[in-house]
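Report on the following structure.
The values are calculated or read from the model by the stated rules, or taken from the named source; none is laboratory data. What you are looking at is a predicted structure, and each value in this text was computed from that prediction instead of being measured. FYI the Cβ positions are ideal-geometry reconstructions off the backbone, even for glycines, and counts take in every protein chain you see. Quick note on the areas: whole protein, heavy atoms, side chains included, nothing else; ligands and nucleic acids left out. Shrake-Rupley method; radii C 1.70, N 1.55, O 1.52, S 1.80 Å.
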Amino acid sequence: MVTMTYGEAAKNALHEEMQRDPTVWALGEDLRRGGVFGQYKGLPELYGPDRISDAPISEAAIMGVAVGAALSGTRPVVEMRFADFALCAVDELVNQAAKARYMFGGQAKVPIVVREPMGMWRSSAAQHSQSLESWYTHIPGLVVVCPSSPVDNYGLLKSAIRCDDPVVYMEHKNLWALEGEVDNNDPLPLGRCRFLRKGEDITLVSWSATVHEAMAAAETLTGEGASVEVIDLRTLWPWDKERVFDSVKKTGRLIVAHESVQAGGFGAEIAATVSDVLFGDLKAPVKRLGAPRVPIAYAPPLEDTVRVTAVMIAECARALMKE
Amino acid sequence: MTADPRAPAAARNLDLDRLLAHHKLMWRIRAFEEAALRANTEKLVLGAIHPSIGQEGIAVGVCSNLRTDDILASTHRGHGHTLAKGANPTAMMRELLGREGGTSHGKGGSMHIADFSVGMLGANGVVAANIHITAGAAHAIKLRGEDRVACSIFGDGAINRGPFLEGLNWAKVFELPALFVCEDNGYASTTRTADMTAGKGPAARAEAIGLPAMEVDGNDVVALDEAVRDAVAAIRAGGGPRFINAKTYRLTGHTAADPDGYRARDDVAAAWKRCPITRLAQALADAGVRGDQLAAHERDAIEEMDAVYDDAKAAPWPPLDRAFADVQDIGDPRKDAY
Ligand SMILES: Cc1ncc(C[n+]2csc(CCOP(=O)(O)OP(=O)(O)O)c2C)c(N)n1
Ligand SMILES: [Mg+2]
């Protein structure tokens with residue numbers, strides 16, 4: 001059992017995977033300085049510039065080169081710096097990485113991990129704060145992972161690196177310094193949710209930083225006598241339908257909470273699927289809590305107007321539990 | 001060293017066996033595409049096909065200087081490149097017709113033909129996307145310490161997309177074993193490339209990024225063969241990336257369905273006289289090769305590709321469960337696609 005931060009967990013995972021497999025290498029801007037969030041700190045000293053490689057400010061090339069290098073027997077870990085900048089490389093991710101295996105009839109796979117630091121990070125404003133995970137869940141061929149804790153960032157990054165599919169791996173910028181215990185040395189399975197709290201009255205499903213809001217809400221609600229189940233989805237595609245279904249069958253109530261814009265967010269997919277499959281088990285309508293459909297503002301009070309908070313989740317849960 | 005490409009081919013020191021092989025291969029590409037055009041007319045090819053008729057010299061001049069384990073990433077106009085890299089025309093034609101036994105099991109069609117077993121990393125439906133893939137393959141080759149070369153062939157329209165700058169810069173920064181060949185046919189779809197391109201053109205742009213760049217007549221296979229041979233040797237020896245701009249002309253429409261209304265008929269007719277196959281045949285005849293030997297190349301190629309087309313026509317559709325295969329391991333849609 002070791003305590004480490006979310007950022008250190010990822011660094012340790014990458015280090016161990018690079019030791020284990022000489023075909024793993026990382027590429028991105030400013031990696032030789034340890035990465036812009038320090039998430040590669042120490043690795044440049046351990047690995048030469050070939051394996052922890054700097055890159056020009058050419059996001060499309062970084063992604064496209066990774067695709068070509070993955071088709072040629074290596075396992076690149078792509079650093080996009082901010083999820084927002086990965087939009088400069090959407091063709092390479094969506095049209096190339098996600099499609100190559102299929103359109104070439106299975107002749108090759110594209111084992112890349114695309115790290116896209118996401119989410120609100122105080123006053124980063126409209127172009128450095130977005131949570132676009134739902135976009136990628138829409139693309140056949142991609143796996144989408146959004147870890148919320150050090151232990152998951154460690155275990156899921158390991159699995160992502162070992163996975164032969166292109167994995168969009170979205171770490172939340174506000175979680176880099178979060179400390180937690182990492183109690184295993186093994187990869188954690190992709191496509192599996194984590195039950196953070198067991199309960200009987202209501203299910204809260206969330207991922208990434210909003211998981212911590214859901215946990216805080218659960219704490220409050222428990223103090224009020226409710227029994228709350230909290231699920232950290234961890235992998236958005238494929239999402240762990242069976243376990244979410246099991247939970248909602250038991251509680252009959254579901255709130256899906258996420259930081260990204262509610263309209264067209266992944267919560268809509270979960271809500272629609274659960275409403276469809278478990279209609280007869282529901283005691284209340286499935287609720288989504290996401291951001292309003294406005295860009296993210298700079299001034300903290302304005303920025304806060306789009307946040308999904310523990311208070312909002314608790315309030316929504318109370319209303320549902322009256323039904 | 002490279003012979004003066006302006007000298008008439010007959011005046012150069014010709015390797016006749018090699019050039020006969022080039023002539024034969026160009027005819028195989030021509031005959032493959034004539035058969036594909038027939039398939040299009042007969043409505044057996046449903047998606048778009050982009051013929052490279054008139055541009056065969058580039059496919060042959062470039063690919064005959066690549067080893068099987070060298071990498072090639074191609075464009076929408078990739079049939080010739082793919083054949084020249086060594087792919088099986090039977091599997092290619094089946095792919096064009098969307099049939100079982102196609103290179104991509106009928107899931108890609110003309111624009112996604114690939115044959116990884118001969119280092120052909122795919123045609124690409126996105127203009128210029130192959131430039132990054134080539135840089136990536138070259139990067140992997142360098143990381144692995146191999147002596148292979150990665151090559152991409154793209155059109156003159158591709159130089160106005162970002163990957164031309166980003167990919168060439170990347171290849172130069174990392175001194176990668178990459179050859180970039182621009183198939184400069186003067187048009188991007190229905191638009192004259194010159195009308196939409198500032199500056200002095202592909203080679204000048206490549207040179208500005210630091211790549212040794214060369215202009216070659218892409219319809220003169222002899223000249224292109226020599227230029228590519230020298231470039232590949234330099235790259236393989238660790239000399240970093242190089243660029244070749246190969247001038248050519250597409251003798252058909254942009255796609256099989258394109259009526260080609262934007263080019264004067266006289267220009268197209270004049271271009272037929274510069275057809276790379278005719279030019280090489282002339283050079284070979286001047287060097288004393290008998291006409292019947294050259295005619296046999298044409299005849300054999302047509303016979304081969306007619307049989308290839310017949311085979312594809314008779315091939316079954318892929319089984320429907322193929323539509324769900326080869327997507328991803330984690331979240332495999334064969335278990336749950338919704
Ligand atoms: C990114 C992108 N934009 C537009 C197209 C549509 N398109 C297909 S081929 C083509 C022309 C390409 O011209 P060029 O690169 O010169 O190649 P050529 O067709 O002449 O061989 C265009 C615009 C595309 N496939 N990809
Ligand atoms: Mg062109």
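Of the numbered conditions (1) in contact with a strand residue (DSSP E or B) (Cβ under 7 Å, 6 or more places away or on another chain); (2) at pLDDT 95 or above; (3) surrounded by fewer than 19 Cβ atoms within 10 Å (Cβ to Cβ), residue A:62 satisfies every one except a single condition; which is it?
(3)
State all residues of segment A:34-59 that are touching a helix residue (DSSP H, G or I) at 6+ places or on another chain (Cβ under 6 Å), among the β-branched types (Val, Ile, Thr) and open to solvent by 40 Å² or more (accessible area, probe 1.4 Å); if no residue qualifies, say none.
Of everything in segment A:34-59, nothing turns out to be touching a helix residue (DSSP H, G or I) at 6+ places or on another chain (Cβ under 6 Å), among the β-branched types (Val, Ile, Thr) and open to solvent by 40 Å² or more (accessible area, probe 1.4 Å).
Can you name the residue in segment B:96-116 that is within 8 Å of another protein chain (Cβ to nearest Cβ) and polar (S, T, N, Q) and, of all such residues, is farthest from the chain's Cα centre (by Cα)?
B:104
Failed condition for residue B:157, given (1) buried (at least 24 other Cβ atoms within 10 Å of the Cβ); (2) more than 8 Å from chain A (Cβ to nearest Cβ), with all others met?
Unmet condition: (1).
Filtering segment B:125-141 down to residues that are within 8 Å of another protein chain (Cβ to nearest Cβ) and of a type outside the set (A, V, I, L, M, F, W, C), which residue is most open to solvent (accessible area, probe 1.4 Å)?
Start the filter on segment B:125-141 by keeping residues that are within 8 Å of another protein chain (Cβ to nearest Cβ), which leaves B:125-126, B:129, B:131-141.
Still in the running and of a type outside the set (A, V, I, L, M, F, W, C): B:125, B:132, B:134, B:136, B:139.
Values: B:125: 40, B:132: 1, B:134: 1, B:136: 0, B:139: 8 Å².
Filtering first and then ranking leaves B:125.
Take segment B:156-206 and flag every residue that is near ligand 2 (Cβ under 10 Å from one of its atoms) and assigned to a strand (DSSP E or B).
B:182, B:183, B:184, B:187, B:188, B:191, B:192
Pick from segment B:142-153 the residues that are within 13 Å of chain A (Cβ to nearest Cβ) and buried (at least 24 other Cβ atoms within 10 Å of the Cβ): which of them is nearest to ligand 1 (Cβ to nearest atom)? Write out each step before concluding.
Within segment B:142-153, the first condition is being within 13 Å of chain A (Cβ to nearest Cβ), and the residues that meet it are B:142-146, B:148-152.
Checking which are buried (at least 24 other Cβ atoms within 10 Å of the Cβ) leaves us with B:149-152.
Details: B:149: 22, B:150: 19, B:151: 16, B:152: 12 Å.
The extreme case among them is B:152.
Looking at B:117, B:104, which one is without any contact (Cβ under 8 Å) to a residue 12 or more places away in the chain, surrounded by 24 or more Cβ atoms within 10 Å (Cβ to Cβ) and farther than 22 Å from residue B:228 by Cα?
Numbers: B:117 fails: surrounded by 24 or more Cβ atoms within 10 Å (Cβ to Cβ).
That would be B:104, the only listed residue that is without any contact (Cβ under 8 Å) to a residue 12 or more places away in the chain, surrounded by 24 or more Cβ atoms within 10 Å (Cβ to Cβ) and farther than 22 Å from residue B:228 by Cα.
Output yes when any residue across segment B:111-122 is at pLDDT 95 or above, within 16 Å of ligand 1 (Cβ to nearest atom) and not hydrophobic (A, V, I, L, M, F, W, C), and no when none is.
We begin by selecting, within segment B:111-122, every residue at pLDDT 95 or above; these are B:111-122.
Now narrow it down to the ones that are within 16 Å of ligand 1 (Cβ to nearest atom): B:111-113, B:122.
Subset that is not hydrophobic (A, V, I, L, M, F, W, C): B:112, B:122.
Yes, some residue in segment B:111-122 is at pLDDT 95 or above, within 16 Å of ligand 1 (Cβ to nearest atom) and not hydrophobic (A, V, I, L, M, F, W, C).
Here are some conditions: (1) at the interface with chain B (Cβ under 8 Å from one of its Cβ atoms); (2) buried (at least 24 other Cβ atoms within 10 Å of the Cβ). Residue A:117 meets all but one. Which one does it not meet?
That leaves (1) as the condition not met.
Scanning for something more than 28 Å from residue B:254 (Cα to Cα) and either within 14 Å of ligand 1 (Cβ to nearest atom) or surrounded by fewer than 22 Cβ atoms within 10 Å (Cβ to Cβ) (or both), does segment B:187-205 turn up at least one residue? Working first, answer last.
Filtering segment B:187-205 down to residues more than 28 Å from residue B:254 (Cα to Cα) leaves none.
Checked against the condition, which is being more than 28 Å from residue B:254 (Cα to Cα) and either within 14 Å of ligand 1 (Cβ to nearest atom) or surrounded by fewer than 22 Cβ atoms within 10 Å (Cβ to Cβ) (or both), segment B:187-205 yields no hits at all.
Kindly indicate whether any position in segment B:70-77 is open to solvent by less than 10 Å² (accessible area, probe 1.4 Å) and among the small types (Gly, Ala, Ser).
Yes; the residues of segment B:70-77 include at least one that is open to solvent by less than 10 Å² (accessible area, probe 1.4 Å) and among the small types (Gly, Ala, Ser).
Can you name every residue in segment A:72-98 that is at the interface with chain B (Cβ under 8 Å from one of its Cβ atoms), open to solvent by 20 Å² or more (accessible area, probe 1.4 Å) and touching a residue at least 24 places away in the same chain (Cβ under 8 Å)?
Passing the criteria: A:73, A:91.
Residues B:163, B:177: which one is more than 17 Å from the chain's Cα centre (by Cα), within 14 Å of ligand 1 (Cβ to nearest atom), within 12 Å of another protein chain (Cβ to nearest Cβ) and crowded, with 24+ Cβ neighbours inside 10 Å? Full working, then the answer.
Details: B:177 fails: within 14 Å of ligand 1 (Cβ to nearest atom).
Of B:163, B:177, the one residue that is more than 17 Å from the chain's Cα centre (by Cα), within 14 Å of ligand 1 (Cβ to nearest atom), within 12 Å of another protein chain (Cβ to nearest Cβ) and crowded, with 24+ Cβ neighbours inside 10 Å is B:163.
Could you give me the residue pairs with C-beta distances under 6 Å whose first residue belongs to segment B:314-327 and is surrounded by 16 or more Cβ atoms within 10 Å (Cβ to Cβ), whose second residue is among the aromatic types (Phe, Trp, Tyr) wherever it lies, and which are 6+ apart or on separate chains?
Matching pairs, first to second residue: B:326/A:102; B:327/A:102.
Filtering segment B:246-271 down to residues that are open to solvent by 80 Å² or more (accessible area, probe 1.4 Å) and touching a residue at least 24 places away in the same chain (Cβ under 8 Å), which residue is farthest from ligand 2 (Cβ to nearest atom)? Even if it seems obvious, please write down each step before you answer.
Of the residues in segment B:246-271, the ones open to solvent by 80 Å² or more (accessible area, probe 1.4 Å) are B:247, B:257, B:259, B:265-267.
In the following step, the residues that additionally are touching a residue at least 24 places away in the same chain (Cβ under 8 Å) were identified as B:247, B:257.
Details: B:247: 11, B:257: 17 Å.
The selected residue is B:257.
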